[in-house]
Amino acid sequence: MIEKLTPNSSAIFILKDFHLFLNDISVSRKMKNLAKILRNQPKTIIIVAPETNIPESIREIVTLVEFQLPQSSEIRVELMRLQESIGFKLPDSSIDSLILSCRGLSLDRIRRVLSKVIATYKEINVESLEIIFEEKKQIIQQTQILEFCSTKDKLSDVGGLENLKDWLKRRSEALTKKAKKYGLPCPKGLMLVGAQGTGKSLTAKAIANDWNLPILRLDVGKLFGGIVGESESRMRQMINLSEAIAPCILWIDEIDKAFIGIESKGDSGTTGRVLATFITWLSEKQLPVFVVATANNIQLLPTEMLRKGRFDEIFFIGLPNEHERQSIFSVHLNKVRPDSYNNYDVELLAKKTAYFSGAEIEEVIIEAMHMAFSSNREFTMNDLNLAIDQFIPLAISNGQDLELLQEWASEGKIRLASRET
């Protein structure tokens, strides 16, 4: 039809969702032929699509115009328009809270969720933030890349790690407008390295709670798709969404599993391109997205990810020392027996668990509780001692790898999360 129009006829052709057909060889060939024909004619083809997936064969003839999610100023205009249309006035503090809550939503979604708010509360107020939060949760779940995590854990629930806690405390307001006015650049993020069960994931969730920020968990395995270009597209989608929701915490669990042996991966360079996009964003990002990455073995990660400028700091979380084990026992016993946790001798328990991680200490308490519960009684020190005697920690069963990691950290190549005793 486009070809048959007379050469001098001016026209704009809008092809909606036509990206679905561009990978068809005959369609892409036709598009290239049309590009030559229309070069000297007053005609333009506009393809409207929800995603960027332009085949290599026609990239030369396509100009990409990307529509980002609305910025704070655009959301403010929409809220002002709604205020006028329904005839109410919000205080500036409430508007700022609503704008922050609506970041990451399209204008159409903002209109729909605010309509839902008005139908529920008869007005738009701070109480309605929960509905907006649920809408965000739905969007993030639909991406199947990011997961909206809810957590009640606090840094006070994490035993030990005093050096790390001090570092985090100094940056607790680094993502605020106050810090920006002071001239501080947005912190890039933090990498936590250590053996399994030492509290890396717990710390990531606790940071979000203490800083009062939403936390998004990235499943790195889901970034990699089977279709050519899909992995890079998913990485860009993850970056765009996390920046739209900023300020937030982006938690990347076990990042070493994604980029292990990158040089030897036979995936036509896909992993390398995804890594390049990620580390470039880490270095250059301006928006307040604080990345918390965890890794079990830093030596498996590519060196370009570890150089200064990617993460603000890399901390090693080793097995807890005796003082930290006392603290961990106190935290977990206080959770399960808040009225009687002082009845347990945490000093003795800490001495008996020299090679235990924080997760293993928690499992010891759970096992002791099972012992007592099956006998229909309260668990005691005897149950805890028996559970410890029967437990084989990972440091014993897989001691060689852990010992190498501890030795590497003790050589001063990485900052220690715990204070030396």
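Name the residue that is nearest to Val113 (Cα to Cα), counting only residues in the stretch 60-83 that are among the charged types (D, E, K, R) and surrounded by 10 or more Cβ atoms within 10 Å (Cβ to Cβ). This residue is Glu78.
For every residue, the table says whether it meets (1) surrounded by 13 or more Cβ atoms within 10 Å (Cβ to Cβ); (2) among the polar types (S, T, N, Q); (3) under 30 Å from Ser330 (Cβ atoms).
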position: Leu100; (1), (2), (3): yes, no, no
position: Ile118; (1), (2), (3): yes, no, no
position: Leu129; (1), (2), (3): yes, no, no
position: Gln142; (1), (2), (3): no, yes, no
position: Leu155; (1), (2), (3): yes, no, yes
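Please work out if Phe278 is modelled with pLDDT under 75 and crowded, with 18+ Cβ neighbours inside 10 Å. So Phe278 fails the test. Within the stretch 104-123, none of the residues are farther than 22 Å from Pro50 by Cβ, among the acidic types (Asp, Glu) and modelled with pLDDT of 80 or more.
Taking the stretch 166-183 as the range and being within 17 Å of Leu100 (Cα to Cα) and surrounded by fewer than 16 Cβ atoms within 10 Å (Cβ to Cβ) as the test, the residues that pass are Glu173, Thr176, Lys177, Lys178, Lys180.
Taking first residues from the stretch 260-281 that are over 20 Å from Arg236 (Cα atoms) and outside the structural domain of Leu223 (by TED's automatic domain parsing) and partners that are at pLDDT 70 or above and part of a helix (DSSP H, G or I), no Cβ contact under 9 Å between residues at least 6 apart in sequence or on separate chains turns up. Counting only strands (runs of 3 or more DSSP E) that sit wholly inside the stretch 135-238, not one has at least 3 residues that are at pLDDT 80 or above and touching a Pro at 6+ places or on another chain (Cβ under 6 Å).
Among residues belonging to the stretch 131-140 that are closer than 17 Å to Asp219 by Cα and buried (at least 17 other Cβ atoms within 10 Å of the Cβ), point out the one that is farthest from the chain's Cα centre (by Cα). Filtering first and then ranking leaves Ile139. Checking the stated criteria, Arg39 turns out not to satisfy the condition of being of a type in the set (D, E, K, R), closer than 26 Å to Ala244 by Cβ and not assigned by TED's automatic domain parsing to the domain that holds Arg234.
The values are calculated or read from the model by the stated rules, or taken from the named source; none is laboratory data. What you see is a predicted model, and the numbers here were worked out from it, not measured in a lab. For neighbour counting, all protein chains shown are included, and Cβ atoms are generated from backbone atoms with ideal geometry for every residue, glycine included.
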